[in-house]
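The values are calculated or read from the model by the stated rules, or taken from the named source; none is laboratory data. Nothing here was measured: the structure is a model prediction, and the numbers come from that model. Heads up, the Cβs are rebuilt from the backbone with ideal geometry, glycines too, and the neighbour counts pull from every protein chain shown.
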Amino acid sequence: MTDKLVRILFLTLFFLGLTLLSLAQKYLYKTITTVSIFARGIRLLALLVATVFHIFIKIMQITMVRLHFK
């Protein structure tokens, strides 16, 4: 009785694993693409923030130089 239950449990887990693997192959490309687009968006946002911060620093430097020579 116990052997039969263990065998059923292992077969169920085996077929569940096969099903998950087949689904993973189907949706893996979409998942990787989505993560890649999300990472690219974060990278572009970081570049935008760094550029704005750089421009702000340059404006402050120009303002300080103008105030110094007034």
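The table for this structure:
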| item | result |
| --- | --- |
| Filter pass, Ala39 being modelled with pLDDT of 90 or more and surrounded by 10 or more Cβ atoms within 10 Å (Cβ to Cβ) | no |
| Candidates Thr34, Thr51, Thr2, filtered to the one that is surrounded by 10 or more Cβ atoms within 10 Å (Cβ to Cβ), at pLDDT below 90 and either out of contact with any strand residue (DSSP E or B) (no Cβ under 8 Å at 6 or more places or on another chain) or small (Gly, Ala, Ser) (or both) | Thr34 |
